[in-house]
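Colleague: Below is the structure I would like to discuss, written out as structure tokens.
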Amino acid sequence: QVQLVESGGGLVQPGGSLRLSCAASTNIFGVASMSWYRQIPGKQRELVARIIGGGSTDYADSVKGRVTISRDNAKDTVYLQMNSLKPEDTAVYLCKIDTQWRTYWGQGTQVTVSS
């Protein structure tokens, strides 16, 4: 089965930066989009960023201007560069890859923003 391996999470001070990475354990055919979601304690899971098709991107209003999603389709890898982090960004971040047939989820990586 396909596994999405995430890395880059951790503890960072407010205003700091992190870069999350997520790579598939095997090649995935028919990739339609790659996304990052986050689960904030006490809130519903929300879409943070998504990159689709020819490279178009979408961002949640809460992270616009601070977050950049990028991809390497040849490696089935997606990245999330996060800058100017705020305590409210604290969450479990999950990557997701959608194909025309099914969806693959990562296990989640913890990001904690605290002074």
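Colleague: Of all residues in region 67-81, which are open to solvent by 50 Å² or more (accessible area, probe 1.4 Å) and modelled with pLDDT of 95 or more?
Modeller: Passing the criteria: T68, Q81.
Colleague: Yes or no: region 82-95 includes at least one residue that is surrounded by fewer than 15 Cβ atoms within 10 Å (Cβ to Cβ), in a strand (DSSP E or B) and not polar (S, T, N, Q).
Modeller: No: region 82-95 contains no residue that is surrounded by fewer than 15 Cβ atoms within 10 Å (Cβ to Cβ), in a strand (DSSP E or B) and not polar (S, T, N, Q).
Colleague: Within region 17-39, does at least one residue satisfy the condition of being touching a Cys at 6+ places or on another chain (Cβ under 7 Å), surrounded by 12 or more Cβ atoms within 10 Å (Cβ to Cβ), under 19 Å from S84 (Cα atoms) and at pLDDT 95 or above?
Modeller: Within region 17-39 (the criterion being touching a Cys at 6+ places or on another chain (Cβ under 7 Å), surrounded by 12 or more Cβ atoms within 10 Å (Cβ to Cβ), under 19 Å from S84 (Cα atoms) and at pLDDT 95 or above), the answer is yes, since at least one residue qualifies.
Colleague: Of the residues that make up region 50-66, is at least one touching a Cys at 6+ places or on another chain (Cβ under 8 Å) and either open to solvent by less than 60 Å² (accessible area, probe 1.4 Å) or in contact (Cβ under 8 Å) with a residue 60 or more places away in the chain (or both)? It would help to see each step written out before you state the result.
Modeller: We begin by selecting, within region 50-66, every residue touching a Cys at 6+ places or on another chain (Cβ under 8 Å); these are none.
There is no residue in region 50-66 that is touching a Cys at 6+ places or on another chain (Cβ under 8 Å) and either open to solvent by less than 60 Å² (accessible area, probe 1.4 Å) or in contact (Cβ under 8 Å) with a residue 60 or more places away in the chain (or both).
The values are calculated or read from the model by the stated rules, or taken from the named source; none is laboratory data. Keep in mind that what you see is a predicted model, and the values were worked out from it rather than measured. Cβ atoms come from the backbone with ideal geometry, glycine included; neighbour counts cover every protein chain shown. When the accessible area is computed, the model is the full protein with side chains, heavy atoms only, and any ligands, DNA or RNA have been set aside. Shrake-Rupley method; radii C 1.70, N 1.55, O 1.52, S 1.80 Å.
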